[in-house]
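The values are calculated or read from the model by the stated rules, or taken from the named source; none is laboratory data. As the structure is a prediction and not an experimental result, all values here were calculated from the model. Here Cβ is always computed from backbone atoms with ideal geometry, including for glycine, and neighbour counts include all displayed protein chains. Calculation scope for accessible area: heavy atoms of the full protein, side chains included, ligands and nucleic acids excluded. Shrake-Rupley method; radii C 1.70, N 1.55, O 1.52, S 1.80 Å.
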Amino acid sequence: GTAEALGSEPWEPTAALFVMPGGRDKPYQEKLHPRANARIRAYVERGGRYLGLCAGAYYAGNTVEFELSTPLEVHEPRDLGFFPGIVRGCVYPGFVYDSEASAQAVPIQLTDGVANKLGPLINNGSEPIYIYYKGGGAFIGADNMPNAQVLVRYPEGQACVVLTQVGSGKTLLSGIHPEIDGTLLNDKDPSYSNGTLVARLRASNLARLVLFRYLLEELGLTSD
């Protein structure tokens, strides 16, 4: 399987980016600890790139704190340590696995430097940018970490997307899902309990594309 290949096959020389997607973080640890994790870490340190989305972002912290004091609780150390602290969630309550019932359209805040660069491209920053969210975490203490740069915040101010320097490489870790296109979601799906979710994501789709491209460029990926 893929996990075995990451520990045994020579994937690093041809990899432009390592993507760890959303889902569940514990099975990643069970399958990738310790050998594959050590290779992922070494790949980034030597100049590689890591994109962690939701569960992939939790997985990149020193410690996962997920839904503490609930039946879903995960409170464990992790190997990669690309974010040298705690990734804590869910930021918003009511998370349900394998369901869209807990999905939200979150009006993100761009940090000043990002807003200054992207504002002219996205309605001069006058409209909220809604991004798909389901179960993501916040990066605790990110503002005080020398190797971490906060690019996006949740509406309440917690760090939502961070860029970290790891040796010669970089990681982009996101508690939201900027890769999800609202135009591809079914607005008739009853599991989207908030009827405005799909409409808000669709209205923000151009801004999402501008933001996602910017984030990938910050990670060191460019396209012509």
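Per residue, the accessible area of the stretch 62-108 comes to 45 Å², computed with a 1.4 Å probe over protein heavy atoms only. Extension gain, Glu100 to Ala199: 0.36 nm times the residue separation minus the Cα-Cα distance gives 34.1 nm.
Between Gln165 and Asn62, the distance separating the two model label sites (each 7 Å from Cα on the Cα→Cβ line) works out to 1.9 nm.
Looking at the square roots a ≥ b ≥ c of the eigenvalues of the Cα gyration tensor of the stretch 41-113, which shape do they give, rounded for a/c under 1.5, prolate if a/b is larger than b/c, or oblate? Provide the component values of the computation, followed by the final result.
Values: a/c = 2.10, a/b = 1.36, b/c = 1.54.
In terms of gyration-tensor shape, oblate.
How high is the FRET efficiency between Lys26 and Ser126 when r is their beta carbon distance and R₀ equals 41 Å, given to the nearest 0.05? Don't skip to the end; give the middle numbers.
On the way: r = 41 Å, r/R0 = 1.01.
According to the calculation, E is roughly 0.50.
Between Asn186 and Asp143, what FRET efficiency comes out of the Förster formula 1/(1 + (r/R0)^6) with R0 = 30 Å and r the beta carbon distance, rounded to 0.05?
Values: r = 38 Å, r/R0 = 1.26.
The value I calculate is 0.20.
As an exercise, use a Förster radius of 35 Å and the Cβ-Cβ distance of Asp112 and Ala42 to find the FRET efficiency, rounded to the nearest 0.05. FRET efficiency, Asp112 to Ala42: 0.55. Evaluating 6.51 cos²θ - 1.76 cosθ + 1.60 at θ = phi - 60° for every residue in the stretch 131-141, the Karplus couplings come out as 10, 5, 9, 7, x, x, x, 10, 9, 6, x Hz, glycine and proline recorded as x. For the stretch 128-224, the solvent-accessible area with a 1.4 angstrom probe is 44 square angstrom per residue.
If you place +1 on the Cβ of every Lys and Arg, -1 on the Cβ of every Asp and Glu, and leave all else neutral, what size is the dipole of the chain about its Cα centre, to the nearest 20 Debye? List each step's numbers first, then the result.
Details: 19 positive and 24 negative charges, 48 e Å.
That gives the chain a dipole magnitude of about 240 debye.
Of the trypsin sites (Lys or Arg not before Pro) found in the stretch 16-60, those that fall in a DSSP loop while having at most 12 other beta-carbon atoms within 10 Å are Arg46. Across the stretch 115-123, coupling constants 3J(HN,Hα) worked out from phi with the 6.51/-1.76/1.60 Karplus curve, θ = phi - 60°, read 4, 5, 6, 9, x, x, 8, 10, 6 Hz, and Gly and Pro carry x. For Glu156 and Thr70 in the same chain, what is the full-extension length gain: residue separation times 0.36 nm, less their Cα-Cα distance, in nm? Going from the current span to full extension adds 28.7 nm. Solvent-accessible area assigned to carbon and sulfur over the chain amounts to 52 percent, based on a 1.4 Å probe.
Labels on offer are (i) 7, 28, 29, 21, 10, 3, 0; (ii) 8, 34, 36, 20, 3; (iii) 7, 17, 14, 11, 9, 9, 8, 7, 6, 6, 4, 2, 0, and the one holding P(r) over Cα pairs in 10 Å bins from 0, in percent computed from this structure is (ii).
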